[in-house]
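The values are calculated or read from the model by the stated rules, or taken from the named source; none is laboratory data. No experiment lies behind these values; they were computed from the predicted model shown. For neighbour counting, all protein chains shown are included, and Cβ atoms are generated from backbone atoms with ideal geometry for every residue, glycine included. Accessible surface is based on the protein model in full, side chains and every heavy atom, while ligands, DNA and RNA are left aside. Shrake-Rupley method; radii C 1.70, N 1.55, O 1.52, S 1.80 Å.
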Amino acid sequence: MKISSSIFPLISIFILLLISSATSSDFDDFIRCLPQQSNSSVPITDAILTPKNSTFQSIYQLRANNLRTFLSATSRPVAIITALNPSHAQAAVICAKRHDFQIRIRSGGHDFEGLSYTSDVPFVILDMFNLNSIDIDMSTETAWVQAGATTGELYYRIAEKSNVHGFPSGVCTTLGIGGHFSGGGYGFLMRKYGLSIDNVIDAQLIDANGRILNRKSMGEDVFWAIRGGGTTSFGIILSWRIKLVRVPPRVTVFTVQRTLEQGATELAYRWQQVAPKLPKDLFIRLQPVPINNSGNNKTVNVSFIGHFLGQADGLLRLMNISFPELGLTRNDCLEMSWVESTLYWANFPNGTSVDVLLDRVQENRVFSKSKSDYYKALIPKQGLETLWQGLMDIEDIFVQMNPYGGRMEEISDSETAFAHRAGNLFMVLYGVQWSESDGGINATERYVEMSRRLYDAMAPYASSNPREAFLNYRDLDIGSNESDETDFEDAQEYGAKYFRNNFIRLANVKATIDPENFFKNEQSIPPLPH
């Protein structure tokens, strides 16, 4: 999607306003500080972009994936540090802290609220995108993955080494590993192997003093916190060490679609009962979308999208016993390698080369607002009909319902900072999207209000006290602070929803590793008051 050229004069004005808000001497001192604190053989001057650089604007918007947050931001970064070496990231931390600039960390740019590339106070973006090495050691079945690598690159590099290894991570192939893992990271292997963080065994973290820490030097409390607690409250992830998982040489995927007229409501109700209890090798996502039938009659088309760690014959035997109502047939099933199945889930056409996994930047950016829910009880058919009606009223919306059970309920909710474990049947993403032709930035209020209306309508059926939310599906509606403030009571409000009973422990860890609260954003974790 191209951004209207009429927007760019406004962007230039915003940049000038921001630069004027920070004294030029502070900015100049910050820029001079960077080479002094970097000991890399690669000059950090090659990584510094300011609004005076011709490429500044294109790099800034390249990984600002939500046009709603990008175009509504009232300020722009005073500089972007496109780190080419770990010491560049260290220097950015030391100098930003010394000269009182906030730092925002971006890798893939998929933060739903744009907190990785926006702020209301003078700030610097530390862009980790170029730190994307992946070092796989098949003798130990492990890998070191830098923060700027994408999920697609990780899948591709694993497949280069082995056709019987994979990793449980996200469906979108342009997610930056640094942020994706730190919030949990889930995908179609989560019922078999849990979340990404459940398979992380070490990490490199830059703290507020610019030191690079590993699991041993950061300590087990910090290592616990960064796995699900969102790393940007504690430091900057340089890399993760992960344990690869075993997958069969051939897996089976399928998509079965039914409209309301074809009994989708009954099938969706049955899915809730079945999907969380299936064997771990089978994952079935439910994805309803509103459509117009002939004659402009609105309905909902419900997709049952499956992934089975095995071949079609075994899948059909299992489905005939566990979920015969869906009517899965041999013609619905596609057998392929595990890495090919990552393309299937990312909605690439069948037969697409796996080389597409190396495309690192999201195409077709849109305006969007997303929200999430956890469900601990079945949504009654009346509730499903409420959901269907909400979809048809909004139209520009998709919903993804992802089943739990399996490995997800075997791991204690206190083992990592990610607390949404046993007791959940499924988690849900509601995503409203619109484009320039739908009104663009001027339509934001209308679409956001529609998403809130649907969210409110589903409240009787979702988790409660608190109504839980998924950190990787960032949502400022559930509570937030100002850009440069972290009020503890406000943080408790969103902290309980994201982290449940783990919030206080996270705040205690924060007080240990970043007592001055240098690393902050609108939904960061504050130090526990003493």
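Details
- The helix-only estimate of mean residue ellipticity at 222 nm for the chain, built from DSSP H runs of length n ≥ 4 each weighted as -39500 (n - 2.57), is -9000 deg cm²/dmol after division by the residue total.
- Sites listed here are GluC sites (Glu not before Pro) in the range 430-484 whose DSSP assignment is loop and whose Cβ has at most 14 other Cβ atoms within 10 Å: GLU482.
- Fraction of antiparallel bridges per DSSP, the chain only, in percent to nearest 5: 85
- Computed from backbone phi, the HN-Hα couplings of the range 467-473 come to 7, 6, 9, 9, 4, 5, 9 Hz, rounded to whole numbers (Karplus: 6.51 cos²θ - 1.76 cosθ + 1.60, θ = phi - 60°; Gly and Pro given as x).
- Cysteines not pairable in the chain (beta carbon separation under 4.7 Å absent): CYS172, CYS333
- Probe 1.4 Å - accessible area at GLU335, Å² to nearest ten: 60
- Charge dipole (debye, nearest 20) of the chain; +1 at Cβ of Lys and Arg, -1 at Cβ of Asp and Glu: 940
- Close amide H contacts of SER239 (hydrogens built in the peptide plane, cut-off under 5 Å, sequence separation of 5 or more or a different chain): ALA147, GLN204.
- Taking all protein chains into account, the per residue accessible area for the range 289-448 stands at 42 Å² (1.4 Å probe).
- Near ASN521, no amide H atom lies under 5 Å from its own; only residues 5 or more places off or on other chains count, and H is placed 1.01 Å from N.
- Which labelled figure in [x] 19, 47, 29, 5, 0; [y] 22, 57, 20, 1; [z] 20, 52, 25, 3, 0 is P(r) over Cα pairs in 20 Å bins from 0, in percent, once derived from the coordinates: [y]
- Estimated vicinal HN-Hα couplings, Hz - the range 218-228 in sequence order (Karplus 6.51, -1.76, 1.60; Gly, Pro = x): 7, x, 5, 5, 5, 4, 4, 5, 6, 9, x
- Nearest-0.05 FRET efficiency for SER435 and LEU476, computed from C-beta distance (R0 22 Å): 0.50
- Surrounding net charge for ILE206, when Lys and Arg each add one and Asp and Glu each subtract one, Cβ distance under 13 Å: 0
- Computed from phi, the 3J(HN,Hα) profile of the range 240-254 under the Karplus parametrisation 6.51, -1.76, 1.60 (θ = phi - 60°) reads 10, 9, 10, 9, 5, 10, 8, 9, x, x, 10, 10, 10, 10, 7 Hz, with x in place of Gly and Pro.
- Assuming charge only on the beta carbon of Lys and Arg (+1) and of Asp and Glu (-1), the dipole of the range 169-306 about its Cα centre is about 360 debye to the nearest 20.
- Once you divide the Cα radius of gyration of the range 267-351 by 2.2 N^0.38 Å, the number left is 1.20.
- Separation of alpha-carbon centers, the range 312-349 and the range 481-530, rounded to whole Å: 43
- Nonpolar atom fraction for the chain, defined as the carbon and sulfur part of the 1.4 Å probe accessible area, stands at 46 percent.
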